[in-house]
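Asker: Dropping a structure here in structure tokens format, bear with me for questions.
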Amino acid sequence: MAYQNIISKKDNGITTITINRPNKLNALNKDTIQELHEAFDVANRDKGTKVIIVTGSGDKAFVAGADISEFAHFNAKQGMQLAAKGQELLFDFIENLSTPVIAAVNGFALGGGLELAMACHFRVASDNAKMGLPEVSLGVIPGYGGTQRLPQLIGKGRAMELIMTAGMIDANQALAYGLVNHVTPQEKLLALCEKIALKISRNSPVAITAAIKAINANYQDGVDGFKIEIEAFGKAFATQDFKEGTTAFLEKRKADFQGK
Ligand code: COA
């Protein structure tokens, strides 16, 4: 598929989606969000894609936020629609994908950029990365899930401070907060993400999908995550991957899983 604002490439079971508007620091405009939705959807449906990595092009930014020029003139109703549509098409969509998604945060991840990284299943940052939710400096608040996912990831007090000050934290602070899992020199970022992705790829895709669903259940109102876990655990016993995984262990060989 031909995209204008992103690049999607598959290699070795890993689909890497690169947001490609470096002159605008990869800011998320409407078209980019739509294209990202399509690329994530295609990769998620693709049986050959075991892991998805999302990153930004250039050495400066992952994503410097939602495209401010696109919404500066919006009224209240349009603002609400912007947030609702974006959350549905991209942020909630990514969080609930059955394929693992890693954010390779290669520079500024601000506003919608940090919200995008937070919607991914986990994050790895380059040592030049800077993260923050500066929306209140523009007279608005995070609208792509930032007020919900940031406290989930770093705790309420830290999220309050980061959002209220509109400040930025560097990669090492983000690591200390648990916002990112690893920090690496920029030139090694994609290689590290790919190494982690390959490790993930060796495991049962069916079981990984079930684990994502059960972990996400912990953050859904009115959903009993323990119950979801018990059900998913039970269902796993009926899968080919469970037979293969346990048989391979007992036969002292590597499991050869079916794929998703
Ligand atoms: N929306 C639209 N355009 C953006 C953007 C955004 N969120 N972030 C950066 N850009 C554009 C700039 O307008 C500029 O475009 P131009 O060259 O056509 O003028 C280009 O990207 C480069 O950005 P610039 O500000 O010149 O780079 P810098 O190195 O001086 O500053 C930042 C980098 C990230 C500190 C600064 O771009 C910034 O504060 N961006 C907005 C961050 C933000 O508030 N995001 C939340 C939005 S809800």
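Asker: Give the residue that is surrounded by the fewest Cβ atoms within 10 Å (Cβ to Cβ), with candidates limited to residues of the stretch 11-42 that are among the β-branched types (Val, Ile, Thr) and within 16 Å of the ligand (Cβ to nearest atom). Give the steps one after another, and end with the answer.
Answerer: In the first step, residues of the stretch 11-42 are kept if they are among the β-branched types (Val, Ile, Thr); the result is 14-19, 32-33, 42.
Retained after the next criterion (residues that are within 16 Å of the ligand (Cβ to nearest atom)): 19, 32-33.
Working: ILE19: 27, THR32: 24, ILE33: 21.
So the residue we want is ILE33.
Asker: If I ask for residues that are of a type in the set (S, T, N, Q) and open to solvent by 60 Å² or more (accessible area, probe 1.4 Å), which ones from the stretch 191-225 would you list? First the steps, then the outcome.
Answerer: Here is the first cut: in the stretch 191-225, the ones of a type in the set (S, T, N, Q) are 201, 203-204, 209, 216, 218, 220.
Residues satisfying the conditions are ASN203, ASN218, GLN220.
Asker: Okay, moving on. Would you be able to tell me the number of residues in the stretch 164-190 that are open to solvent by 30 Å² or more (accessible area, probe 1.4 Å) and over 22 Å from ASP127 (Cβ atoms)?
Answerer: 2
Asker: Looking at LEU179 and the list (1) assigned by TED's automatic domain parsing to the domain that holds GLY132; (2) part of a helix (DSSP H, G or I), which single condition is not satisfied?
Answerer: Among (1) assigned by TED's automatic domain parsing to the domain that holds GLY132; (2) part of a helix (DSSP H, G or I), the lone unmet condition for LEU179 is (2).
Asker: Determine if the stretch 147-154 includes at least one residue that is more than 14 Å from the ligand (Cβ to nearest atom) and open to solvent by 70 Å² or more (accessible area, probe 1.4 Å). Before the answer, list the steps.
Answerer: Start the filter on the stretch 147-154 by keeping residues that are more than 14 Å from the ligand (Cβ to nearest atom), which leaves 148-149, 151-154.
After this cut, where a residue has to be open to solvent by 70 Å² or more (accessible area, probe 1.4 Å) as well, the list is 148, 152.
Among the residues of the stretch 147-154, at least one is more than 14 Å from the ligand (Cβ to nearest atom) and open to solvent by 70 Å² or more (accessible area, probe 1.4 Å), which makes the answer yes.
Asker: Could you check THR49 against (1) more than 16 Å from the ligand (Cβ to nearest atom); (2) under 20 Å from GLN87 (Cβ atoms); (3) not hydrophobic (A, V, I, L, M, F, W, C) and say which number it fails?
Answerer: Failed condition: (2).
Asker: If a residue counts only when it is open to solvent by 50 Å² or more (accessible area, probe 1.4 Å), in the same structural domain as ARG149 (by TED's automatic domain parsing) and in contact with a helix residue (DSSP H, G or I) (Cβ under 9 Å, 6 or more places away or on another chain), which helices (runs of 4 or more DSSP H) contained entirely in the stretch 43-135 have at least 1 such residues? Outline the logic, then answer.
Answerer: Numbers: elements: 68-71, 76-86, 92-95, 112-119.
Answer list for the stretch 43-135: 68-71, 76-86, 92-95.
The values are calculated or read from the model by the stated rules, or taken from the named source; none is laboratory data. None of these values were measured; they are calculated from a predicted model. Because the Cβ atoms are built from the backbone with ideal geometry, glycine has one as well, and the counts that use them run over all protein chains shown. Accessible surface is based on the protein model in full, side chains and every heavy atom, while ligands, DNA and RNA are left aside. Shrake-Rupley method; radii C 1.70, N 1.55, O 1.52, S 1.80 Å.
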